[in-house]
1. Normalised by the residues of region 29-144, what does the relative contact order come to in percent, with Cα pairs under 8 Å and at least six apart?
2. Roughly speaking, what is the centre-to-centre gap between region 146-180 and region 49-75 when only Cα atoms are used, to the nearest Å?
3. Can you work out the accessible area per residue across region 129-207, with the rest of the protein chains kept in place, probe 1.4 Å, in square angstrom?
4. Run the dipole for the chain about the Cα centre, Lys and Arg Cβ at +1, Asp and Glu Cβ at -1, nothing else charged, and hand back the magnitude in debye, nearest 20.
5. Straight-line reach from Lys42: which aspartates and glutamates fall under 13 Å, measuring Cα to Cα and dropping same-chain residues less than 8 apart?
6. Expressed as a whole percentage, what fraction of the accessible surface of the chain belongs to carbon and sulfur atoms when a 1.4 Å probe is rolled over the protein heavy atoms?
7. Take Ala132 and Glu153, extend 7 Å from each Cα along the Cα→Cβ direction, and tell me the distance between the two endpoints in nm.
8. Lys/Arg Cβ at +1, Asp/Glu Cβ at -1, dipole of region 32-176 taken about the Cα centre: which of Ile167, Ile57, Leu104 is farthest positive-ward?
Amino acid sequence: MKKYISRFHYITQDMPQRSHTQQVEIACSAGANWIQYRCMTKSDNELVAEIDQIAAICDDWGATLIITNHYHLLDKVDAQGVHIEDQPADFSTIREAIGEDKTLGASATNLAGLLKTQHSGVVDYCVLGPFAHTETRPNNFPLLGYDGYRQLEKAPIEIPVIATGGIQLQDVELLLKTGIYGIAISSAINRSIDPAGMVKEFYRKMY
């Protein structure tokens, strides 16, 4: 069953000046309809409490809520799916655990990883990156740049591919001319002096 996948993914991050709940309130009120909650610093009980708050906001605005990695919490919270960052993950086992109704996203850092994810047959979309340097999720993977995403046009890609990693407003137009389906944004919005305005600007570029 094909699921709806937004072309614009907003990702929360740990910030000293703004909670995840506050980030989601700002993003949803500005029009974001796909929220990925990403928090790796809290206990399960703390996560559930915060996800409950965020789910209520998403329900109010009609936004899809995806949680990062913690798929074991899906039966405890009102979220529509999970995004798994661990590339060697057993996606078939995760799909069996979460059921067919939940959305399952995955991450890849190159074309081979993307094709492997697609070949699993159980993942609904794949986030491919990093496009450029990012502080949101520091890593040593090679930066893909525009050329990395242009390779998608030459490959048998059927799964929606979401570009991520250091994407700025001025990058969107050229990225959309490559083989991607959409983009995922975190720091460019969260660290903006006007995060709500930045969400709207990304939407204008996207649509």
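1. Values: 161 pairs, mean separation 20.7, N = 116.
With pairs under 8 Å counted, the relative contact order is 18 percent.
2. For region 146-180 versus region 49-75, the Cα centre distance is 27 Å.
3. Details: 4160 Å² over 79 residues.
Counting only protein heavy atoms, the per-residue value for region 129-207 is 53 Å².
4. Details: 18 positive and 25 negative charges, 140 e Å.
Magnitude of the dipole: close to 680 debye.
5. Reachable aspartates and glutamates: Asp14, Glu50.
6. That share works out to 50 percent.
7. About 2.1 nm separates the two model spin labels.
8. In region 32-176, that residue is Ile167.
The values are calculated or read from the model by the stated rules, or taken from the named source; none is laboratory data. Predicted model, so just to flag it, every value in this text is computed and none were measured. Heads up, the Cβs are rebuilt from the backbone with ideal geometry, glycines too, and the neighbour counts pull from every protein chain shown. Only protein heavy atoms, including side chains, enter the accessible area calculation; ligands, DNA and RNA are left aside. Shrake-Rupley method; radii C 1.70, N 1.55, O 1.52, S 1.80 Å.
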